[in-house]
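Structure, as structure tokens:
The values are calculated or read from the model by the stated rules, or taken from the named source; none is laboratory data. Since this is a predicted model, take the numbers as computed values, not measurements. When we count neighbours, we look across all protein chains shown, and the Cβ atoms used for this are built from the backbone with ideal geometry, even at glycine. Side chains included, ligands, DNA and RNA excluded: accessible areas come from the protein's heavy atoms. Shrake-Rupley method; radii C 1.70, N 1.55, O 1.52, S 1.80 Å.
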Amino acid sequence: LAQNTQGSFYEAADAQTQAADRGVEEQRRQFDRVQELLSPYVEAGDVSLIQQMALGGMSGPEAQREAIAAIEGGQEFQALTQQGEEAILQSAAATGGLRGGNTQAALAQFRPQVLSSLINQQYSRLGGLATMGQNSAVGVGNAGQAAATNIGNLYGQQGAAAAGSALASGQAFGNVMGSIGQYAGGVA
């Protein structure tokens, strides 16, 4: 009877341990999946923050010059300035002021204004991407903390199962020894 009881305790503890192991494995699998899903957003945020810092001058004057030159050489700037300058010249031609000082002043101010506007827009766009990356990184961190907590709880359950099995085994052994003692006492 004692050996049968002891075997049942070991089987129960083994089943609990296996269940906890499967839970740990699933927690890790889910965390890896969350990390995989959010990885592109985290990476986009990293790249955006670097570009934003360059554009804002936080990576040095050369990096800032390169970032601004990239905007100035981009298709958006080229298209906007071409359309805007054509509109200024058409308006001046229609009013007869093509060679006037106002037209020349408007043309001189137009490109810097477009560039300034595009720099601000790009900085804002990059800020949005950097924030999205930061939020994704926080999501990965939260998932990691949750997984760690759950894994810790599962390991605690494993320990409790092993301890319960050991205590039950000891109690069963004690019961057998007590029964032997009672039997021996009754025979004498």
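Enter the accessible area of I71 (Å², nearest 10), with the probe set to 1.4 Å and all protein chains included.
Rounded to the nearest 10, the figure is 30 Å².
Compare R65, R33, R99 by solvent-accessible area with a 1.4 Å probe and give them largest first, with all protein chains kept in place.
In descending accessible area the options line up as R99, R65, R33.
What fraction of the Cα pairs in the range 29-160, stated in percent, has a spacing above 25 angstrom?
Cα-Cα pairs of the range 29-160 separated by over 25 Å account for 53 percent.
What order do you get for 128-136, 88-96, 111-119 when each peptide is scored by the mean count of other beta carbon atoms within 10 Å, highest first?
128-136, 111-119, 88-96
Could you compute how much accessible surface S124 exposes when probed at 1.4 Å, giving the result in Å² to the nearest 10?
80
Looking at the range 35-138, which GluC sites (Glu not before Pro) are in a loop (DSSP not H, G, I, E or B) and have at most 14 other Cβ atoms within 10 Å?
Sites meeting the loop and neighbour criteria: none at all.
Quote the charge dipole size of the range 24-165 about the Cα centre in Debye, to the nearest 20; the model charges only the Cβ of Lys and Arg (+1) and of Asp and Glu (-1).
240
Any chance you could list P(r) for the range 82-135, counting all Cα-Cα pairs in 10 angstrom bins from zero, rounded to whole %?
Result, from short to long distances: 23, 33, 19, 15, 9, 2 percent.
Across bins of 5 angstrom width beginning at 0, how are the C-alpha pair distances of the range 12-96 distributed, in whole percent?
3, 12, 9, 9, 9, 8, 8, 7, 7, 6, 5, 4, 4, 3, 2, 2, 1, 1, 0, 0
Express in Å², to the nearest 10, the accessible area of F31 obtained by rolling a 1.4 Å probe over the protein heavy atoms while all chains stay in place.
Here the accessible area works out near 50 Å².
Report in % the part of the accessible area of the range 1-145 that belongs to carbon and sulfur, leaving out ligands and nucleic acids; probe 1.4 Å.
53
Choose one of P40, P61, L80: the residue whose Cα lies farthest towards the positive end of the charge dipole of the range 1-86 (beta-carbon charges +1 Lys, Arg; -1 Asp, Glu; about the Cα centre).
Ranked along the dipole, the leading option is P40.
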